[in-house]
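Presented below is the structure to which this report refers.
Taken together, the values in this text are just the output of simple stated rules run on the coordinates, not laboratory data. This structure is a prediction, so every number in the text was calculated from the model and none was measured. Positions of Cβ are generated from backbone atoms using ideal geometry, with glycine treated the same way; all protein chains shown enter the neighbour counts.
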Amino acid sequence: MVADGNPIVWMSRLAGQPVDLMPGSNMVLPIARFCADNDIPVALIGGHEEGLAAAADVMQHEQPKLKISYQHAPPMGFDPTGEEAAEILRAAKASGARLCYLALGAPKQELFAAYGRELTPELGFVSIGAGLDFLSGEQIRAPMWVRKMAMEWLWRLIGDPGRLMQRYGLSFAVLPGHLLRSALRSQD
């Protein structure tokens, strides 16, 4: 099992059920390779039009057999469980896509995926956060030494405080309670 963030990894260890760290952005190209090798068309959902096009170019350069059958950049503030989300899901399904890369940010991409599993169960979903932005060059990923120190979150916060300050603040507010519950679970 893997998790996308260090706090989840730490809590899993405290609970006695360790998982490995595997950021979604690390999975973009390996999953693209698998899809290309197995003729699985994909959809790219998130970001903005130019970024999606640039990421698609990189993915197809890396995996020429990859079929990207649908791309959509929802507007800011779209409801991941509303009618617009349903339209996006129906369009992705109609395009022939079987796997949707979701680059909507947390928790929006997870809510969208859960809604998609209900509405379009034939589609698969992978939440990749800023993975497409990293591929397109829209965002610069933290250097490896920063990632090894488990400080990629700080790198991203410094780079985009207006967008991430509230999200990280809310996460940090609930983290102590989750850590305590994880530690107590290991004693059961």
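Would you mind pulling out the separation of the Cα centroids of the range 1-68 and the range 83-137, in Å?
12 Å
Starting from 0.36 nm per residue, how many nanometres of slack lie between D39 and V174 once their C-alpha separation is accounted for?
44.4 nm
Taking N as the number of residues in the range 6-56, what value does Rg over Cα atoms divided by 2.2 N^0.38 Å take?
1.59
Cross-link candidates for K65: which aspartates and glutamates have Cα within less than 17 Å, leaving aside residues fewer than 8 places away along the same chain?
D37, D39, D57
Could you calculate the FRET efficiency of E49 with N6 from 1/(1 + (r/R0)^6), where r is the beta carbon distance between them and R0 is 41 Å, rounded to 0.05?
It comes out at approximately 0.80.
Subtracting the Cα-Cα distance from 0.36 nm times the residue separation, let me have the gained length for E122 to D160 in nm, one decimal. Let's see the in-between values first.
Working: separation 38, 0.36 × 38 = 13.68 nm, distance 3.53 nm.
10.2 nm is the gain from fully extending E122 to D160.
In the chain, with Lys and Arg counted as +1 and Asp and Glu as -1 at Cβ, which of these residues, P74, M1, L102, has the Cα nearest the positive end of the dipole, that is, farthest along it?
M1
Please label the shape of the range 1-86 as rounded, prolate or oblate, based on the square roots a ≥ b ≥ c of the eigenvalues of the alpha-carbon gyration tensor (a/c under 1.5 means rounded; beyond that, a/b larger than b/c means prolate, else oblate).
On the way: a/c = 2.47, a/b = 1.38, b/c = 1.78.
Because a/c hits 1.5 or more and a/b fails to exceed b/c, the range 1-86 counts as oblate.
Between F78 and R13, 0.36 nm times their residue separation minus their Cα-Cα distance comes to what? Walk me through the numbers on the way to the answer.
Values: separation 65, 0.36 × 65 = 23.40 nm, distance 3.57 nm.
Gain on extension, F78 to R13, equals 19.8 nm.
Could you tell me which label, among (i) 17.3, 51; (ii) 18.5, 59; (iii) 35.4, 117, carries the value of Rg and Dmax of the Cα atoms in Å calculated for this structure?
Correct label is (i).
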